[in-house]
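To start, the structure itself, in C-alpha cells.
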Amino acid sequence: MMWFWTRGAEELQLETRYDNATSEFVVTLISRDGPGEPERFTDINAFRARLRLLERELEGKAWKNSGPPVFASDGFPTQRLI
C-alpha cells in the first residue's frame, strides 16, 4: 500500500507491504532522492506502532496526507473520524 504526503512542493511516499519470503512487515519512506532504508517488523503490533509514530512525526513536520486518507492500525487506509 502506498501513502502520499505533501509539504509545499515536496512529496513523500510511504510504502507498506508484507514480505512473504521473510514473513516480515516492511515500511519504506520514498522521497525525490529515492527510497530510504526499509524498516522490517516480524511483530504486527510493532509494525502498527511504527505506522502511528510515522504519521505523528510527518504531521508534526507540516506534512499533509494526500491519499489514501490516513494510516489504519492494520496498515490499510481508513477515513479520519475527526
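The values are calculated or read from the model by the stated rules, or taken from the named source; none is laboratory data. If you're wondering where the values come from, they're calculated on a predicted model, not measured in any experiment. When we count neighbours, we look across all protein chains shown, and the Cβ atoms used for this are built from the backbone with ideal geometry, even at glycine.
Selection over region 7-39 of residues that are within 23 Å of residue 60 (Cα to Cα), over 14 Å from the mean Cα position of the chain (by Cα) and outside any loop (DSSP other than H, G, I, E, B) gives a count of 3. Taken over region 1-27, the criterion of being crowded, with 16+ Cβ neighbours inside 10 Å and of a type in the set (S, T, N, Q) is satisfied by 16 alone.
Would you check if there is a residue in region 40-53 being modelled with pLDDT of 60 or more, part of a strand (DSSP E or B) and either under 15 Å from residue 3 (Cα atoms) or aromatic (Phe, Trp, Tyr) (or both)? Yes, the conditions are met somewhere in region 40-53.
Residues in region 52-63 that are within 24 Å of residue 8 (Cβ to Cβ), touching a residue at least 12 places away in the same chain (Cβ under 8 Å) and out of contact with any helix residue (DSSP H, G or I) (no Cβ under 9 Å at 6 or more places or on another chain): 54, 55, 58, 61, 62.
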